[in-house]
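Q: Handing you this structure, nothing more for now.
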Amino acid sequence: MPAFAYHRPASLDEALDLLSRFGEDAKILAGGQSLLPLMALRLSHPANLVDISRVPGLNEIVEDVEGGLAIGATVTHTRAEEAEAVHRLTPLVAAALPLVGHRAIRNRGTVVGSLAHADPAAELPAVALALGARFIAVKSGGQRRVAAADFFSGFLTTDLAPDELLLAVGFPPQKPRTGVSVKEISRRSGDFAIVGLAATVSLDEAGLIASSALSFFGAASTAVRVTEAEEALAGQSPGPEAFEEAARIVSQSLDPPEDANGTTAYRKHVAGVLTRNALADAIDQIGFAA
Amino acid sequence: MNSPSATATQSAMGSLHSPIDGTATIELEVNGVGVTRRVNARLSLADFLRERLDLTGTHLGCEHGVCGACTVVLNDEAVRSCLILAVQADGSRITTIEGLAETDHDGQIISIHPIQRAMQEAHGFQCAFCAPGFLMTALCFLERNPAPTRAQIREEISGNLCRCTGYQSIIAGVETAVEIMAADRREGAQDA
Amino acid sequence: MREAVAGRYIGQRVRRVEDQRLLTGRGSFVADVEPEGTVHAAFVRSPFANANIVSIDHSVASRAKGVVAIYTGAEICLLTNPFIPFSNLPGQFTPPFWALAVDRVRFVGDPVAVVLAYSRALAEDAAELVEIEYQELTPVVSIDDALRTDSEPIWPAAGSNILYEAADQFGEVDEAFRKADRVFTETFTSHRLSNQPLETRGCVAEVDPESDEVVFHAATQAGHALRWTLAAVTARQSAVKSIRALAGNRGRLKAFARGAKAALAGTGDQLKKADSSGTIHQIRKDPRTLLYLGRSFLGTLSAERFPRVVAKDIGGGFGSKGPVSREDAVILAVAMELNRSVKWIEDRVENLTDGGQARDERLTISFAVQDDGTILGMKANLVMNQGAYPGVPFNCGLFSRIMKVMLPGTYRIDAFRLDTTVVASNKGRYIPYRGPWANETWARERMLDVVARELGMSATQLRLKNMYHPSELPAKMITGPTLDPTMTAATTLQRAIELAEPAAFAAKQEDARSRGRLLGIGFATYHEAAPGPPDYTDAVTPGVGALLAEKSEISLEADGTVTIRTQQMPHGQSHETTYAQVAADQLGVPMEQVRLVWGDTKNTPFGIMGTGGSRGGPIGGGAVQFSSRALRTKILDQAADLLEANVNDLEIVDGNIHVRGVPAKGKSFAEVAAAAASAGGGIGDEPAITAEFTYNGPPQGGWACATHVCWVEIDPDTGFVTIPRYLVVEDCGEMINPAIVEGQVRGGVAQGIGAVLYEKTNYDEFGNLQSSTYMDYLMPTAMEIPEIELHHLETPSEVEANYRGVGEGGAIGAPPALTNAIENALAHLGVRITEQHLPPHRILELTGVIKPNVASR
């Protein structure tokens, strides 16, 4: 591992001071499960690591009055996975968490860290995009909110400035008559997905599709929603015909990259398969709930 | 390497800083014993255990967080010790494979842990380079879930790679451990 | 005759002795060794597959914090001899090469320089600062690249990238093909794999600056071979100096002569069969070979320092720790030069890049058959991609010869021709991997399914029709070896058919297809020379058998315990347990009284093979059995004196030696040892009685056989293959410890499944390695490997020590069974499987769901 200076601030102000002092020369260390492998392989050479694990107030899962949920910067995947509120208020997040790596990784890795790392094949960025999550970024003397749609700007890059810290991610309340599903295929259990889908479907009172989110991972340089397919679903009766059409649009509109785990053609095809399966799964859940 | 300019400063507020390639002092509990050491910031917990504490039972298979050979227990959770800096483990409680069996003051084994006994009975391992990681993973898992299904065992140990066995014997070993530990609990309950 | 001594341990699922330390974190692996004052090594490696080294500038790196020294190829040329071929086949060229790249790099990862520093991290820091200018050359990556006549030779002395060509013919091949009703031909391609033990390579050269002793701590499967190879490579001095040194030390020369005589005792007849024309061919192609040979030989005889190799616990090998690594030679050479201890523990990226790779072969097979399925003849064309540097001591040449012998399998094939080509390429080095000849089984068993389908027969019917049944044995394979009646491949197949009920499965498969589900079943049957009869090794390479004999030394210690010394290098095979079982049964003592000594070349008998080739049970175990019996005889003789009884009236029960029926008047092993020691004038810590036995396998038989059956279900939407059931019927003769046998078989099957569905050492067209981390080289986890049902036959034999090897078979049987099952599941779609690696996207390409992308394969 390359050498670096290590900083473990004891307060948020101290952390933000360090970030503003070092700017691009610093990396934030929370769980370290994405950053430390890169450093161990000497693919990342940060001069400073700012370990935020002891900053008070960040290790919290907070329900808001409208029924939304905020997850703080140092909450681990395991803690979120075991939190009752996550299952109750954000079932899509709860469905995605067990798919993140393996237990030992989830015990250290953080939800917010995974979002800030923005791996296009990771589950949580796609979940955040599907749910329209809001990101709370903070720096010395300022705080701002960024919509998920604006947050993921490219391969392993986000809208965060070097001196900003991602304080928390907020998930809005789930709409009534909503079903969710996360489907992915990966070469082995626990691997990053070859391609995956975080989906939500909401029905109107008449039982027709009111809105949906089809948010893919492993299908582009960032997590990506296929809005044409979402639009095509709107107003449709939920069933094989509508799902098939959505799947067709998905396969047509995605242009995923190619690697040893899957060709472009394969990823396009499987994205369609996942669309069908996830939509059916999500609708089933609504039936269950009703 | 230990020149004064390259040592850590610790503020009154509990923050900790080490300059580039410098050192910091950490305090932690390893296998029930408190230790204080000055460590280089880039030293991984795995290297700290192996090189500084001579606890070489923790093995390094990939050093990038995939194989699970270096798994240890940190505050009751299984973690990859190659993906944690020693400085991050400051203040924590660590258990390694050396701490699994009951030992006397000289480190001689008095009695092995039921998971160790079970793995021996089930012929769980072959070269056993990966064994410490599997045992620590199983230890945490069975604490949380003392009566798992075979599918749950498969899922839970799937973060640890073994190249020798094809896993069947390791799964059998975890199942044997479940039986032994359940019997021990029943016995304990009767004694009490 | 089966062993007359009552077996108490053999055949039992005895718990492993090794586990007492390995499960408690008290093992000792090479990474755990760190002598006082050790410096740490990091290698600077080539980022290019094929390039000239224009310049190396390490001035900045040398001044970096903590750096002790940096060596490049230029220095290594002065400190070492190149690696030269250990054995060469007629017509083969094996390029001599240096431990570090000199002037040219030949694959991504080729070591160019070594940095030594006070810690590994500091060495790695400095390695990043070494500046190297390269001039890129056109890379030669695939077999087709290498075979192109205009491809630039990677080794100029070879004249082309073809290093070995051979044509072998047995029987009347042309006639068989003329007479046949049908001829079927198909080409099968296997990808590159990597052995991937969980412990990487590594070594510590421990140098005592005050003495001449150099201890080389290693993770090695073959300590003695490593020792002598390293001695030859690091003994760099002029021939004149060597001769002067020898003249001044005749005692040493005599000692060498004695050692050589002992090592080769009784092998003269076999050695005479050896063909030396390969070495002469080599010297003609590259006359420097003669210089290097002479210098290495004289240097080895006269060098001041001669390494002692020590290995304790080893974290797996699967063939990869048998070959000698260039890095080993570098570390030893620089440690002796610096006169201080040097440690190198390979990281995983290095291991995936330069830790050895395997398979990467292409086999075209033709069968000449009658309409009724009778096989008349077989032709095969084999091309092996050896990569950049040849393996040491064994390279593709030897493994191609094993394939030559084994290709006809257990079938009555009276006419066979094989054309062999070995090529060089800009990939990592080809090394043996668990059944280094395994692709002969894969391609043949795959092809038999193809033939059966074409003829409208069932795959099992075609096999049974052509397979030797035990009642027809003994018979000779057309390639030479004798099959005796314990070669029970057909019996394993028959038993597998009973268990698997393929006919019932076919109905289930039909029904599933009608509902859109894809189910398949695949069979594969093989026999393996484990160790095989004497005419097997002669058929592979005449004379090679001479090198394979194995000595077991055994002693009764003064305290009454028993010590076995072996040249085997256990690295997961549980020798401490099984050898103690064998010896305890022979001697009539509790297992706990028997201790195994291995791993230190100073106190173990010489042997080239170490642990490999599925020989630990049959050869090593056999040697222990016979040496134990020799010791038993000596102990009884001694006891007879003490008890004043006739030796024929004595028996041993639980370590008590007494006249049959009179246990009260017995003597313990300790008492016998004490008597023997005082009679011999011993002082108490020397062994009281010793015995030894050199064993080179049974006079006949020695075949391990198995049939694998694999069931698959394939998701037609995603191409994912799952394995709902997998069974193996195997016959390895008598099992010393069934639990250990089962672990070996299951582990092998898991690797075979990994090969087909997950693992691939993946080079792009420029020779860049795309699978250099565990994120990219996909070893199966517990979620991917199914439960594997095992059924043992344990066919008895007239031959004593009826143990046959099981280390490799699992990995040999799984790829054909699995790929046959996949084709069976997709047969109605017209799919033919001709490649071994089948990731999900490839399955959907084959089923026509998506368009193929040739570049991605």
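Q: Given the condition within 13 Å of chain B (Cβ to nearest Cβ), assigned to a helix (DSSP H, G or I), open to solvent by less than 30 Å² (accessible area, probe 1.4 Å) and under 30 Å from C:VAL582 (Cβ atoms), answer yes or no: does some residue in region C:752-774 qualify? Walk me through it before giving the result.
A: So in region C:752-774, the residues within 13 Å of chain B (Cβ to nearest Cβ) come out as C:752-755, C:758-759, C:771-774.
Imposing the further condition that a residue be assigned to a helix (DSSP H, G or I) reduces the set to C:752-755.
With the extra rule that they be open to solvent by less than 30 Å² (accessible area, probe 1.4 Å), the set shrinks to C:752-755.
After this cut, where a residue has to be under 30 Å from C:VAL582 (Cβ atoms) as well, the list is C:752.
Scanning region C:752-774, I find at least one residue that is within 13 Å of chain B (Cβ to nearest Cβ), assigned to a helix (DSSP H, G or I), open to solvent by less than 30 Å² (accessible area, probe 1.4 Å) and under 30 Å from C:VAL582 (Cβ atoms), so the answer is yes.
Q: Right, here's the next one. Hey, which of the strands (runs of 3 or more DSSP E) in region C:110-172, taking only ones fully inside, have at least 3 residues that are under 33 Å from the mean Cα position of the chain (by Cα) and crowded, with 24+ Cβ neighbours inside 10 Å?
A: On the way: elements: C:111-117, C:131-136, C:162-170.
Hits in region C:110-172: C:111-117.
Q: Another question, if that's okay. Which of (1) on the phi > 0 side of the Ramachandran plot; (2) modelled with pLDDT under 95 does A:GLY132 not meet, given it meets every other one?
A: All conditions are met except number (2).
Q: Give me the residue from region B:40-50 that is farther than 16 Å from A:GLY32 by Cα, within 12 Å of chain C (Cβ to nearest Cβ) and not acidic (Asp, Glu) and, out of that set, least open to solvent (accessible area, probe 1.4 Å). Talk me through it step by step, then tell me what you get.
A: Here is the first cut: in region B:40-50, the residues farther than 16 Å from A:GLY32 by Cα are B:40, B:47-50.
Subset that is within 12 Å of chain C (Cβ to nearest Cβ): B:40, B:47, B:49-50.
Within this subset, residues satisfying the condition of being not acidic (Asp, Glu) are B:40, B:49-50.
Details: B:ASN40: 33, B:LEU49: 0, B:ARG50: 27 Å².
For region B:40-50, the residue satisfying everything is B:LEU49.
Q: Shifting gears a bit: Among the numbered criteria (1) surrounded by fewer than 24 Cβ atoms within 10 Å (Cβ to Cβ); (2) away from chain C (no Cβ under 11 Å); (3) touching a Lys or Arg at 6+ places or on another chain (Cβ under 6 Å), which one does B:GLN120 miss?
A: (2)
Q: Show me the helices (runs of 4 or more DSSP H) entirely contained within region A:72-121 in which 1 or more residues are of a type in the set (Lys, Arg).
A: Details: elements: A:77-82, A:84-89, A:91-96, A:103-108, A:111-117.
Answer list for region A:72-121: A:77-82, A:84-89, A:103-108.
Q: Quick one: A:GLY196 ticks every box in (1) surrounded by fewer than 21 Cβ atoms within 10 Å (Cβ to Cβ); (2) within 19 Å of A:ALA126 (Cβ to Cβ) except a single one, so which number is it?
A: Every condition holds for A:GLY196 apart from (1).
Q: So the check is Cβ under 8 Å with 6+ separation or different chains; which pairs have a first residue in region B:16-33 that's closer than 16 Å to A:ARG54 by Cα and a second one that's surrounded by 19 or more Cβ atoms within 10 Å (Cβ to Cβ) and of a type in the set (Lys, Arg)?
A: B:LEU16/A:ARG8; B:HIS17/A:ARG8
Q: Could you pull out every one of the strands (runs of 3 or more DSSP E) wholly within region A:144-193 that has 1 or more residues that are more than 23 Å from A:LEU58 (Cα to Cα), in the same structural domain as A:LEU274 (by TED's automatic domain parsing) and open to solvent by less than 60 Å² (accessible area, probe 1.4 Å)? Give the derivation first.
A: On the way: elements: A:152-154, A:165-171, A:178-185.
By residue number, A:178-185.
Q: Which is open to solvent by 10 Å² or more (accessible area, probe 1.4 Å), of a type outside the set (Lys, Arg) and under 25 Å from C:ALA530 (Cα atoms), of C:SER471, C:SER458? Lay out the reasoning, then the answer.
A: Numbers: C:SER458 fails: under 25 Å from C:ALA530 (Cα atoms).
Answer to the selection: C:SER471.
Q: Let me ask something else about it. Scan region C:238-249 and tell me whether some residue there is part of a loop (DSSP other than H, G, I, E, B) and crowded, with 17+ Cβ neighbours inside 10 Å.
A: At the first step, the residues of region C:238-249 found to be part of a loop (DSSP other than H, G, I, E, B) are C:238, C:248-249.
With the extra rule that they be crowded, with 17+ Cβ neighbours inside 10 Å, the set shrinks to none.
No, region C:238-249 contains no residue that is part of a loop (DSSP other than H, G, I, E, B) and crowded, with 17+ Cβ neighbours inside 10 Å.
Q: So, one more: Go over the candidates C:PHE367, C:PHE306 one by one and state the one that is open to solvent by 10 Å² or more (accessible area, probe 1.4 Å) and either in contact with a helix residue (DSSP H, G or I) (Cβ under 8 Å, 6 or more places away or on another chain) or of a type in the set (Phe, Trp, Tyr) (or both).
A: C:PHE306
Q: Also: Does B:GLU51 count as charged (D, E, K, R), assigned to a helix (DSSP H, G or I) and either within 10 Å of the chain's Cα centre (by Cα) or modelled with pLDDT under 95 (or both)? Reasoning before the result, please.
A: Numbers: charged (D, E, K, R): yes; assigned to a helix (DSSP H, G or I): yes; either within 10 Å of the chain's Cα centre (by Cα) or modelled with pLDDT under 95 (or both): no.
It is false that B:GLU51 is charged (D, E, K, R), assigned to a helix (DSSP H, G or I) and either within 10 Å of the chain's Cα centre (by Cα) or modelled with pLDDT under 95 (or both).
Q: Given (1) within 8 Å of chain B (Cβ to nearest Cβ); (2) outside any helix (DSSP H, G or I); (3) open to solvent by 30 Å² or more (accessible area, probe 1.4 Å), where does A:LYS27 come up short, assuming only one miss?
A: Failed condition: (1).
Q: Cβ-Cβ under 9 Å, sequence separation 6+ or interchain: first residue in region A:159-175 and among the small types (Gly, Ala, Ser), partner assigned to a loop (DSSP other than H, G, I, E, B) and open to solvent by 40 Å² or more (accessible area, probe 1.4 Å). Which pairs?
A: Every condition considered, the pairs that remain are A:ALA168/A:GLU60; A:GLY170/A:ASP64.
Q: Restricting attention to region A:32-68, and to residues there that are more than 9 Å from every other protein chain (Cβ to nearest Cβ) and of a type in the set (Asp, Glu), which single residue is farthest from A:GLU164 (Cα to Cα)?
A: Per the criteria, the residue is A:GLU66.
Q: Sort through C:VAL594, C:VAL562 and tell me the only one that's over 22 Å from C:GLY319 (Cα atoms), open to solvent by less than 10 Å² (accessible area, probe 1.4 Å) and of a type in the set (Val, Ile, Thr).
A: Values: C:VAL594 fails: open to solvent by less than 10 Å² (accessible area, probe 1.4 Å).
C:VAL562 is the lone residue from the list that is over 22 Å from C:GLY319 (Cα atoms), open to solvent by less than 10 Å² (accessible area, probe 1.4 Å) and of a type in the set (Val, Ile, Thr).
Q: Shifting gears a bit: In region B:74-106, which residues are part of a loop (DSSP other than H, G, I, E, B), closer than 22 Å to B:ILE157 by Cα and open to solvent by less than 30 Å² (accessible area, probe 1.4 Å)?
A: Residues of region B:74-106 that are part of a loop (DSSP other than H, G, I, E, B), as a first pass: B:75-76, B:84, B:90-92, B:96, B:100-101, B:104-106.
Narrowing further to those that are closer than 22 Å to B:ILE157 by Cα: B:75-76, B:84, B:96, B:100-101.
Answer for region B:74-106, where residues must be part of a loop (DSSP other than H, G, I, E, B), closer than 22 Å to B:ILE157 by Cα and open to solvent by less than 30 Å² (accessible area, probe 1.4 Å): B:ILE84, B:THR96, B:LEU100, B:ALA101.
Q: Spot the failing condition for A:PHE217; the list is (1) surrounded by 23 or more Cβ atoms within 10 Å (Cβ to Cβ); (2) within 14 Å of chain C (Cβ to nearest Cβ); (3) not basic (Lys, Arg), and only one is missed.
A: Every condition holds for A:PHE217 apart from (2).
Q: Out of region B:137-175, which residues are open to solvent by 30 Å² or more (accessible area, probe 1.4 Å) and among the basic types (Lys, Arg)? Talk me through it step by step, then tell me what you get.
A: So the first thing to find is which residues in region B:137-175 are open to solvent by 30 Å² or more (accessible area, probe 1.4 Å), and the list is B:143-147, B:149-152, B:154-155, B:168, B:172, B:175.
The answer is B:ARG144, B:ARG150, B:ARG154.
Q: Suppose the filter is more than 30 Å from A:VAL226 (Cβ to Cβ) and either among the basic types (Lys, Arg) or at pLDDT 95 or above (or both); does A:VAL138 pass it? Walk me through how you get there before you give the answer.
A: Numbers: more than 30 Å from A:VAL226 (Cβ to Cβ): yes; either among the basic types (Lys, Arg) or at pLDDT 95 or above (or both): yes.
For A:VAL138, the condition - more than 30 Å from A:VAL226 (Cβ to Cβ) and either among the basic types (Lys, Arg) or at pLDDT 95 or above (or both) - is met.
Q: Name every residue in region C:506-550 that is under 21 Å from C:ASN439 (Cβ atoms), of a type in the set (S, T, N, Q) and open to solvent by 20 Å² or more (accessible area, probe 1.4 Å), in order of residue number. Break it down into steps so the answer makes sense when it comes.
A: Our first condition is that a residue be under 21 Å from C:ASN439 (Cβ atoms); within region C:506-550, this holds for C:522-532, C:536-537, C:539-541, C:544.
From what's left, of a type in the set (S, T, N, Q): C:525, C:537, C:541.
Across region C:506-550, the qualifying residues are C:THR537, C:THR541.
Q: Could you list all residues from region B:81-106 that are within 12 Å of chain C (Cβ to nearest Cβ) and under 16 Å from B:ARG50 (Cβ atoms)?
A: The initial filter retains those residues of region B:81-106 that are within 12 Å of chain C (Cβ to nearest Cβ), namely B:82, B:95-103.
Correct list: B:CYS82, B:THR95, B:THR96, B:ILE97, B:GLU98, B:GLY99.
Q: Further, regarding this structure: Please tell me if C:ILE714 is at pLDDT 95 or above, on the phi < 0 side of the Ramachandran plot and of a type in the set (Val, Ile, Thr). Full working, then the answer.
A: On the way: at pLDDT 95 or above: yes; on the phi < 0 side of the Ramachandran plot: yes; of a type in the set (Val, Ile, Thr): yes.
Judged against the criteria, C:ILE714 is a match.
Here is a yes/no grid of residues against (1) more than 14 Å from every other protein chain (Cβ to nearest Cβ); (2) part of a loop (DSSP other than H, G, I, E, B):
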position	(1), (2)
C:GLU34	no, yes
C:PHE43	no, no
C:VAL60	yes, no
C:THR94	yes, yes
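Q: Residues of region A:255-272 being crowded, with 23+ Cβ neighbours inside 10 Å, within 22 Å of the chain's Cα centre (by Cα) and of a type outside the set (Gly, Ala, Ser), which ones?
A: A:PRO256, A:ASN261, A:ARG267, A:VAL270
Q: Okay, next question. Take C:ALA503 and tell me if it is open to solvent by 20 Å² or more (accessible area, probe 1.4 Å) and within 21 Å of C:ALA706 (Cα to Cα).
A: Numbers: open to solvent by 20 Å² or more (accessible area, probe 1.4 Å): yes; within 21 Å of C:ALA706 (Cα to Cα): yes.
Yes, satisfied.
Q: Name the residue, out of C:LEU253, C:LEU230, that is farther than 30 Å from C:GLY428 by Cα, out of contact with any Cys (no Cβ under 9 Å at 6 or more places or on another chain) and in a helix (DSSP H, G or I). Quick ask: steps written out before the conclusion?
A: Working: C:LEU230 fails: farther than 30 Å from C:GLY428 by Cα.
Among C:LEU253, C:LEU230, only C:LEU253 is farther than 30 Å from C:GLY428 by Cα, out of contact with any Cys (no Cβ under 9 Å at 6 or more places or on another chain) and in a helix (DSSP H, G or I).
Q: Looking at region B:51-71, which of the residues that are touching a residue at least 12 places away in the same chain (Cβ under 8 Å) and over 20 Å from C:THR781 (Cβ atoms) is surrounded by the fewest Cβ atoms within 10 Å (Cβ to Cβ)? Break it down stepwise before answering.
A: At the first step, the residues of region B:51-71 found to be touching a residue at least 12 places away in the same chain (Cβ under 8 Å) are B:52-53, B:55, B:57-71.
Now restrict to residues that are over 20 Å from C:THR781 (Cβ atoms): B:52-53, B:55, B:57-58.
Details: B:ARG52: 15, B:LEU53: 18, B:LEU55: 21, B:GLY57: 26, B:THR58: 26.
Top of the filtered list is B:ARG52.
The values are calculated or read from the model by the stated rules, or taken from the named source; none is laboratory data. Treat the numbers as computed from the prediction; the structure is a model and nothing was measured. Quick reminder, even Gly has a Cβ in these numbers, built from the backbone with ideal geometry, and neighbours come from all protein chains shown. The protein model used for the area step is the full one, side chains on, heavy atoms only, and it has no ligands, DNA or RNA in it. Shrake-Rupley method; radii C 1.70, N 1.55, O 1.52, S 1.80 Å.
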